[in-house]
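Computed from the coordinates by the stated procedures, all read-outs in this text should not be read as laboratory data. Nothing here was measured: the structure is a model prediction, and the numbers come from that model. Cβ sites come from the backbone with ideal geometry, for glycine too, and all protein chains shown count toward neighbours.
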Amino acid sequence: MTTRTGILKNSPLTMVFASVRFTPWPVLGKRIDEIQNDLRDVLPLMHRIEVEAPEGMPTAMFSSEAWMLISLDKSYGVQITKDQLLIFCPKYHHYDDFEAKIDRVLSTLLTHMKFMNVLNMGVRFIDHVKPKQGEKSSHYISEKFLAPSIENYNTLGGQFFNEYSCDNHRIRVNVLNMPGALPVPQDAIPVLAIFNGIEAPLKLEQLKPEELLVDMDAVTMFPSAEKLAKETIIFELRKLHTVANNFFRHTEMFSDHAFKVWKGES
C-alpha cells in the first residue's frame, strides 16, 4: 500500500480558502485604509469591490462592499467585508505557511476590531485531478464518487455532492466529472478574476474527459455567535484543515495509484 502522508510533489491542489464569518462590523469602510497600511509590507495591492446581492436576497441584508488585499508576488490574497474574512492561496505549499498568513491578517484585523463574534469558519481545498493519457478517472478516485453506469447508455459525466460529519465539524464534498465544465467552482471565479487583475485576465481551460474537479469544504458552525480570541480561531481552522486533509487522504476517496502519481513514484 502506498504511503499517503507527506508533501505531494505533483499535488492536484489548485486553491485553498480559509473563511471566518462574524457579526457585522459596520465601520470597516472607515478603517480599511489603516488596516491595509498595517499589512502593506505583505499585502501592498488593494482593490475595492462592489458585490451584487444574490438573486432573491434583499439588498439591505447583503454586504455589498468588499476589499481585496493582494501580495506583490500574487501568492495569496485576502478579501474582507464587514462580516467575513476570506484568505485564499493559489500557490499553496504547506499549511504552516498558510496559517502564518492567516495569523498575521487576523492579528491586524483584531487590533482594529477589538473583538470578533464568530458565526462559522471553513477551510476549503480545490483539486483538479488530471489522469494521464489512456487512464480513466476511476483509476484515481473511488467509483462511488462517479456517475453510475446504465446498460445501453454511455456515461458522459456527473456530479457527486454529499455532506459528512466528523466530531463537531462537517465536510461538504463535491466531485464534478463533466467534460466542458470549468475547473474551479462558480463561486470562486469572481474572486480569482479580481485577484488576477486586468493585466492578466483569468483564463480557465475546461475539464477534459476523465478530469475531475474535487471541492472539499470543512466547516464549523456555531448555534449562535461566539466571541473568540485569535488563538482559538487559528486552532479551530487548523482542526478544519485536518478534517479536510484526512478526508482527502482516506483510502475510500482516492486510489493508491493516484498517490503514487502525486508523489512522483509513477
Hz values of 3J(HN,Hα) by residue in segment 163-176 - Karplus curve (6.51, -1.76, 1.60), Gly and Pro given as x
10, 10, 10, 8, 6, 9, 10, 10, 9, 9, 10, 10, 10, 10
Expressed in nm to one decimal, what extension gain is obtained for the pair Q186 and F115 from 0.36 nm per residue of sequence separation less their Cα-Cα distance?
22.3 nm
Could you check the spin-label model distance between H250 and I7? Points 7 Å from the Cα along Cα→Cβ, value in nm.
2.7 nm
Hey, what do the phi angles of segment 118-131 turn into as Karplus ³J(HN,Hα) couplings, whole Hz, using 6.51/-1.76/1.60 and θ = phi - 60°, x for Gly and Pro?
8, 9, 7, 9, x, 10, 10, 10, 10, 10, 10, 8, 10, x
What does the chain give for Rg and for Dmax, in Å, if only its C-alpha atoms count?
19.5, 64
Residue-averaged [θ]222 nm for the chain, counting only DSSP H segments that reach four residues, each worth -39500 (n - 2.57)
-7500 deg cm²/dmol
Nonlocal amide H pairs with L207, under 5 Å, H built at 1.01 Å:
G180, A181, L182
Farthest positive-ward along segment 13-262 dipole, Cα basis, beta-carbon charges - from I233, M121, S64
I233
Pairwise label distance in nanometres, K74 with Q206, each label 7 Å out on the Cα-Cβ vector
2.4 nm
Between E199 and S266, 0.36 nm times their residue separation minus their Cα-Cα distance comes to what?
20.4 nm
